[in-house]
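Peer 1: Handing you this structure, nothing more for now.
The values are calculated or read from the model by the stated rules, or taken from the named source; none is laboratory data. Because the structure is a prediction, the values reported are computed rather than measured. A quick note on method: Cβ atoms are made from the backbone with ideal geometry, for glycine too, and the neighbour counts reach across all protein chains shown.
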Amino acid sequence: MKTVKECLLERTSVRRYEREAIPAETMEFIYKAIQNTPTSYNGQQFSVIDIDDQNLKEQLYELTNQKQLKTCNRLLIFLSDYNKISLLAQKKGLEMPAFTDTMDGVTIGIIDASLAMMSAVVAAQAAGLGSNCVGYLRTVDPAKLAQMLKLPKGVFVVCGLALGIPREQPDLKPKQPTSLIFSKNEYRQDRDNMVKELEEYDEVVKHYNATRAGGTSTNDWVSHILDYYDHAMHYRILQYLKDQGYDIKW
Ligand SMILES: Cc1cc2nc3c(=O)[nH]c(=O)nc-3n(C[C@H](O)[C@H](O)[C@H](O)COP(=O)(O)O)c2cc1C
């Protein structure tokens, strides 16, 4: 097992994997790490679909064009899940609050599922696996994915996580400097310095992209991310949530 420091500071997304299967005991460790995730009130409003069916992985690749989905050994789909608690509430004759109609309810499910995914990322890293979060599975065709995975009402995809024995070791990507991430006791007030630091970071990313191993580009940070957000404007997630039994009103 790698040390916690190695797991956290040397992690990079890995998108190329060996054909070899992940040992069963490693998957068991990842399952346990996911199971012990901190969740809001210990409510555990998440669940995970573990895909090892090559056929299904290929279908998901066809849908997304993300190659790592068919070459990974296991694909974990992290779901926000109010189905489980609704089932028991119904069985015990308890009234289910309209939690699926609130932003808070939606947020809790997303946080629970995201933290569970991060538990898996760290456990996978510790066990020497490579992992890659795949948000595209949430956005590419939500209705189709819900149908393929037979999701009941109250359940929606938050993110996928491809896992496998690594076939590459990508360079660490430059992240924002700690000065842009942390401030003491209140939000930073020195706007001009922030802009300067952001410009510097933008240049660092540009340089990294122009010189990195395994495919260079002319991308900076800000335009590239804004371009992505521009595409995201076209996702219709609210409608998808409605289809999954959510009706956010407040
Ligand atoms: C919520 C989320 C969604 C992501 N979606 C994708 C994706 O659809 N495809 C992909 O190749 N990488 C995806 N990534 C990986 C990011 O591109 C990657 O984490 C980021 O570029 C930073 O690189 P690093 O993980 O190597 O530090 C996703 C990461 C997160 C956290």
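Peer 1: What single numbered condition from (1) under 21 Å from Leu60 (Cβ atoms); (2) away from the ligand (no atom under 12 Å from the Cβ); (3) crowded, with 21+ Cβ neighbours inside 10 Å fails to hold for Met117?
Peer 2: Of (1) under 21 Å from Leu60 (Cβ atoms); (2) away from the ligand (no atom under 12 Å from the Cβ); (3) crowded, with 21+ Cβ neighbours inside 10 Å, only one is false for Met117: (2).
Peer 1: Here's a follow-up. Identify all residues within segment 239-249 that are assigned to a helix (DSSP H, G or I) and either surrounded by 12 or more Cβ atoms within 10 Å (Cβ to Cβ) or assigned by TED's automatic domain parsing to the domain that holds Ile110 (or both); write none if there are none.
Peer 2: Residues satisfying the conditions are Tyr240, Leu241, Lys242, Asp243.
Peer 1: Which residues, taken from segment 190-230, are part of a helix (DSSP H, G or I) and either in the same structural domain as Val158 (by TED's automatic domain parsing) or in contact (Cβ under 8 Å) with a residue 24 or more places away in the chain (or both)? Break it down stepwise before answering.
Peer 2: Taking segment 190-230 as the starting set, the residues that turn out to be part of a helix (DSSP H, G or I) are 191-211, 222-230.
Hits for segment 190-230 are Leu198, Tyr201, Val204, Val205, Tyr208, Val222.
Peer 1: Moving to a separate point now. Restricting to segment 164-222, name every residue that is more than 22 Å from Leu8 (Cα to Cα) and β-branched (Val, Ile, Thr).
Peer 2: Answer for segment 164-222, where residues must be more than 22 Å from Leu8 (Cα to Cα) and β-branched (Val, Ile, Thr): Val195, Thr211, Thr216, Thr218, Val222.
Peer 1: Which residues, taken from segment 35-64, are farther than 14 Å from Leu161 by Cα and aromatic (Phe, Trp, Tyr)?
Peer 2: If the condition is that a residue be farther than 14 Å from Leu161 by Cα and aromatic (Phe, Trp, Tyr), then Tyr41, Phe46 are the ones that fit.
Peer 1: Given the condition modelled with pLDDT of 95 or more, within 23 Å of the chain's Cα centre (by Cα), not hydrophobic (A, V, I, L, M, F, W, C) and not assigned by TED's automatic domain parsing to the domain that holds Leu75, answer yes or no: does some residue in segment 178-189 qualify?
Peer 2: Within segment 178-189, one or more residues are modelled with pLDDT of 95 or more, within 23 Å of the chain's Cα centre (by Cα), not hydrophobic (A, V, I, L, M, F, W, C) and not assigned by TED's automatic domain parsing to the domain that holds Leu75.
Peer 1: Which condition number in (1) under 27 Å from Ala124 (Cα atoms); (2) in contact (Cβ under 8 Å) with a residue 12 or more places away in the chain is the one that Lys175 fails?
Peer 2: Lys175 satisfies all of (1) under 27 Å from Ala124 (Cα atoms); (2) in contact (Cβ under 8 Å) with a residue 12 or more places away in the chain except (2).
Peer 1: Out of segment 133-162, which residues are more than 8 Å from the ligand (Cβ to nearest atom), among the small types (Gly, Ala, Ser) and either in contact with a Gly (Cβ under 6 Å, 6 or more places away or on another chain) or not in a helix (DSSP H, G or I) (or both)?
Peer 2: Gly154, Ala162
Peer 1: Yes or no: Ile165 exposed (fewer than 14 other Cβ atoms within 10 Å of the Cβ), more than 9 Å from the ligand (Cβ to nearest atom) and modelled with pLDDT of 95 or more? Walk me through how you get there before you give the answer.
Peer 2: Working: exposed (fewer than 14 other Cβ atoms within 10 Å of the Cβ): no; more than 9 Å from the ligand (Cβ to nearest atom): yes; modelled with pLDDT of 95 or more: yes.
So Ile165 fails the test.
Peer 1: Here is a follow-up. Let me spell it out: the conditions are (1) at pLDDT 95 or above; (2) within 13 Å of the ligand (Cβ to nearest atom), and Ala123 meets all of them except one. Which number is the exception?
Peer 2: The failed condition is (2).
Peer 1: Also, quick follow-up: For the condition under 21 Å from Glu10 (Cβ atoms) and either crowded, with 17+ Cβ neighbours inside 10 Å or not aromatic (Phe, Trp, Tyr) (or both), what is the one hit in Leu149, Leu129? Spell out how you get there, then give the answer.
Peer 2: On the way: Leu149 fails: under 21 Å from Glu10 (Cβ atoms).
Leu129 is the lone residue from the list that is under 21 Å from Glu10 (Cβ atoms) and either crowded, with 17+ Cβ neighbours inside 10 Å or not aromatic (Phe, Trp, Tyr) (or both).
Peer 1: Kindly indicate whether any position in segment 100-115 is within 21 Å of Pro23 (Cβ to Cβ), among the small types (Gly, Ala, Ser) and touching a Phe, Trp or Tyr at 6+ places or on another chain (Cβ under 7 Å).
Peer 2: For segment 100-115, residues within 21 Å of Pro23 (Cβ to Cβ), among the small types (Gly, Ala, Ser) and touching a Phe, Trp or Tyr at 6+ places or on another chain (Cβ under 7 Å): absent.
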